[in-house]
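Read the structure below first, then the notes.
The values are calculated or read from the model by the stated rules, or taken from the named source; none is laboratory data. Computed from a prediction, not measured in an experiment: that's the story for all the values here. Ideal geometry is used to build each Cβ from the backbone, glycine not excepted, and the neighbour counts take in all protein chains shown.
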Amino acid sequence: MREAIGQVLSFAVVVAISPIPIVGVVLMLGTPRARSNGPAFLAGWILGLAVVGVVVLLVAKGAGADDDGGTSSGVGWVKVALGVVLIALAVRRWRRRPHGDEPPELPSWMRAVDGFTAPRAAAMGVALSAVNPKNLLMTVGASVAIVQSGASTASRFVALAVFVAIGTAGVAVPLAMYVAVGERAARALEEMNTWLAANSSAVVAVLLLVIGAKLLGDGISIV
């Protein structure tokens, strides 16, 4: 189990510091429906990560990804592909990072958060965790790594739960602050948003590069 958990930590950290979801949930907490939309977004986020993770665990297990036989080369090619895609994403993220006082690019849906209902907030949480390409790749990579660790079925799901918990920290912390101190958290949340907008793209780019290089190396060693 410890090996499986160790395999997912770096993937989970990249998911946790995803700037767009964190900025999105902070914006939701500044709306009149904060107490319903914030938890709904969090629930959708957790559901998205968990569903993708479970599906990949089951598919990888069914394909024999934890065996030492011929299917191991297939897993190797999957890792090679993931590594190449993550490195490409890292380069793209680095190039698109804000420079100097340049404002960051934010998606258009953030301008509509005032009109969000709880179901829409939950759907956005699912989309950003399970459909967003970066987080989808992180979840797939973590799940494949869990299966390849050779852990028991129960240990695999524990490791996936750890991945989901750590990957949820980024969007859970602002909500916890809001629940704990209410509107008094507004200043701290605004400062968090400012820092994320200015620095998170570069941090995520470096992490993607490191994880992508590791997956690429692991895959090459298998194939």
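Among the numbered criteria (1) closer than 16 Å to residue 12 by Cα; (2) without any contact (Cβ under 8 Å) to a residue 60 or more places away in the chain, which one does residue 171 miss?
All conditions pass for residue 171, except number (2).
Test residue 181 against the criterion of being touching a residue at least 12 places away in the same chain (Cβ under 8 Å) and either over 28 Å from residue 91 (Cβ atoms) or in contact with a helix residue (DSSP H, G or I) (Cβ under 8 Å, 6 or more places away or on another chain) (or both), and give yes or no.
no
With the structure loaded, tell me whether residue 79 is under 25 Å from residue 204 (Cβ atoms) and modelled with pLDDT under 85 or whether it fails that test.
Spelling it out, residue 79 is indeed under 25 Å from residue 204 (Cβ atoms) and modelled with pLDDT under 85.
Please work out if residue 69 is within 19 Å of residue 25 (Cα to Cα), out of contact with any Gly (no Cβ under 8 Å at 6 or more places or on another chain), at pLDDT below 90 and surrounded by fewer than 20 Cβ atoms within 10 Å (Cβ to Cβ).
When the stated conditions are applied, residue 69 does not pass them.
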